[in-house]
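See below for the structure under consideration.
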Amino acid sequence: MPETTEKRRKAIRIAVILLIFLAGFLLRLNYAAKTDIYTRQHDIGRIGSSGHIGYIQYIYENGRLPDFDVRTKWQFYHPPLHHAVAAVWVKIQTLCGAELYDAMMGVRWLTTLYSTLTMFVFYRLLRLLGHDGLSLYVPFALIAFHPTFIILAGSVNNDCLAVTLAFTAMYFAVRWYKTRGWGAIIGLGLSIGLAMLTKLSYWYLAPATAVMFLVVLINDKNKKRVVGQYCAFGAVCVPTGLFWSVRNLIGWGVPLNYVPLLSKDHEQYVGFRSFGERIFDVLSSFKEDVYICRGTMGNSFFEYNLAAAIIKSSVFGEFRLGTPASAWTLVISNAILICFTVAAAIWIFAKNIRPTLLRSWFLLLWLTVMGSYVAFAFAYPHDCSMDFRYIVPSLGVGLVTVAEYLRSGKCTPVKIAVTAVAAVFCVGAFATYAL
């Protein structure tokens, strides 16, 4: 009888997950199909010019990486993994008879694939952490319906691949912690290295991992094996992650952390705002608009508050989508879920849910991601520097936190309320991006 019950539970779990997965995939595919390479993109440029499309085109036409000072071409400073993979895909399409523009449009199917793979990786992470039932379905539905991943599916730049690799790194970090397996640590090294080879800012995956490695080295009795694994990790992660930056430094003197800076004369400049305004003045932003505020879109100012920018751009990017009703539904439910996640994280540490090292790894990852976001927003004080696309891995940490509370929390009314808000959020996402 227990065996029959377990089989039934497994069948139900598979059916529910497949339905959610299919809905998430169709939302991504629908959005990507309606979004061409010049619509709702970031730093994309044009065919025959520079930007991310020009970068892809250069590799496609020359069959090699840029062999010049990358500061001389807009967006060419980015590491090349996404652009190289996209160039190969463009070449395959053109060899099959596609025109260059249509082949570039086809890059959207790569990013749709990456966004869809993130769902799969996150499901594996939740199962690795032992989640089932409500603690599996709610966070998985949120990752499937979350607008960030829908927008990324139609984005031709390098964001989506970097995000997918970051989620893969989360999975392998937990897997290595639980198993100490060679495959897990090599997978972790490749995930972090390839994420940095896609977008250098994903170095922020490394500090939490380094702390975990140090604690394990101190406590593990088989130090020879652990040191050997760390050497394997370094052998795949370091050269992969730093290849592009070191190459450009040696070849053309490009600083390791080079990012072009917009001038103070740029219309998006918000550096004149006070620290208090940028950190605490949340309400002014929402009184002005439900979307990211842009003076070029009729707003009286450009977005300057970090918290408001996170809440808004995590569900709309820097764009205007949906109806006022669906937009406010998304924003309000998103804000509630963020507040709950913070409360749940405090509860998890207070109740000692999960081993200390695993909890600390997720916390350190979140702190590093958010710390780099704040530092970047102040070092590059323009409203485009506050887009949530720079810190999407924080969403993975947040949803793991939600899952932990739904599994371990004792307060049923809170679980019901969170599930209800999550359902409203998913409905709002569907109304905004599918209808």
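The values are calculated or read from the model by the stated rules, or taken from the named source; none is laboratory data. Just so it is clear, the structure is predicted and the values come from calculations on it, not from any experiment. We place every Cβ from the backbone using ideal geometry, glycine too, and count neighbours over all the protein chains shown. Remember, those area values only see protein heavy atoms, side chains included, never the ligands or the DNA or RNA. Shrake-Rupley method; radii C 1.70, N 1.55, O 1.52, S 1.80 Å.
Worth a mention:
- Residue-level analysis places residue 16 outside the set of residues that are assigned to a helix (DSSP H, G or I), buried (at least 21 other Cβ atoms within 10 Å of the Cβ) and among the β-branched types (Val, Ile, Thr).
- Any hit, the stretch 319-333, residues being of a type in the set (A, V, I, L, M, F, W, C), open to solvent by 20 Å² or more (accessible area, probe 1.4 Å), at pLDDT 95 or above and closer than 20 Å to residue 422 by Cα: yes
- Residue-level analysis places residue 88 among those that are open to solvent by 20 Å² or more (accessible area, probe 1.4 Å) and under 24 Å from residue 241 (Cα atoms).
- Candidates 48, 54, filtered to the one that is under 30 Å from residue 255 (Cα atoms), among the small types (Gly, Ala, Ser) and modelled with pLDDT under 95: 48
- Selection from the stretch 303-357 of residues that are among the basic types (Lys, Arg) and within 23 Å of residue 284 (Cα to Cα): 312, 320
- Looking across 390, 405, one residue alone is closer than 26 Å to residue 304 by Cα, surrounded by 17 or more Cβ atoms within 10 Å (Cβ to Cβ) and either more than 20 Å from the chain's Cα centre (by Cα) or among the aromatic types (Phe, Trp, Tyr) (or both). It is 390.
- Residue 340 vs. criteria assigned to a helix (DSSP H, G or I), over 16 Å from the mean Cα position of the chain (by Cα) and at pLDDT 95 or above: yes
- Pair list, Cβ < 6 Å and 6+ apart or interchain, from the stretch 359-385 residues that are in contact (Cβ under 8 Å) with a residue 12 or more places away in the chain to residues that are surrounded by fewer than 18 Cβ atoms within 10 Å (Cβ to Cβ) and part of a helix (DSSP H, G or I): 364/211; 368/207
- Across the stretch 95-114, the number of residues qualifying as open to solvent by less than 30 Å² (accessible area, probe 1.4 Å) and either of a type in the set (Phe, Trp, Tyr) or over 27 Å from the mean Cα position of the chain (by Cα) (or both) comes to 1.
- Extreme residue, farthest from residue 386 (Cα to Cα), among residues of the stretch 252-265 that are surrounded by fewer than 13 Cβ atoms within 10 Å (Cβ to Cβ) and more than 27 Å from the chain's Cα centre (by Cα): 253
- Matching residues, the stretch 208-226, being of a type in the set (Val, Ile, Thr) and surrounded by 13 or more Cβ atoms within 10 Å (Cβ to Cβ): 209, 211, 215, 216, 226
- Members of the stretch 9-25 found to be touching a residue at least 40 places away in the same chain (Cβ under 8 Å) and either touching a Pro at 6+ places or on another chain (Cβ under 6 Å) or farther than 17 Å from residue 138 by Cα (or both), listed by number: none
- The sole residue among 79, 66 that is at pLDDT 95 or above, over 24 Å from residue 102 (Cα atoms), open to solvent by less than 10 Å² (accessible area, probe 1.4 Å) and not in a helix (DSSP H, G or I) is 79.
- Residue within the stretch 269-277 that is touching a residue at least 60 places away in the same chain (Cβ under 8 Å), of a type in the set (Phe, Trp, Tyr), open to solvent by 60 Å² or more (accessible area, probe 1.4 Å) and not in a helix (DSSP H, G or I) present: no
- Verdict on residue 359 being under 21 Å from residue 42 (Cβ atoms), part of a helix (DSSP H, G or I) and either at pLDDT 95 or above or more than 18 Å from the chain's Cα centre (by Cα) (or both): no
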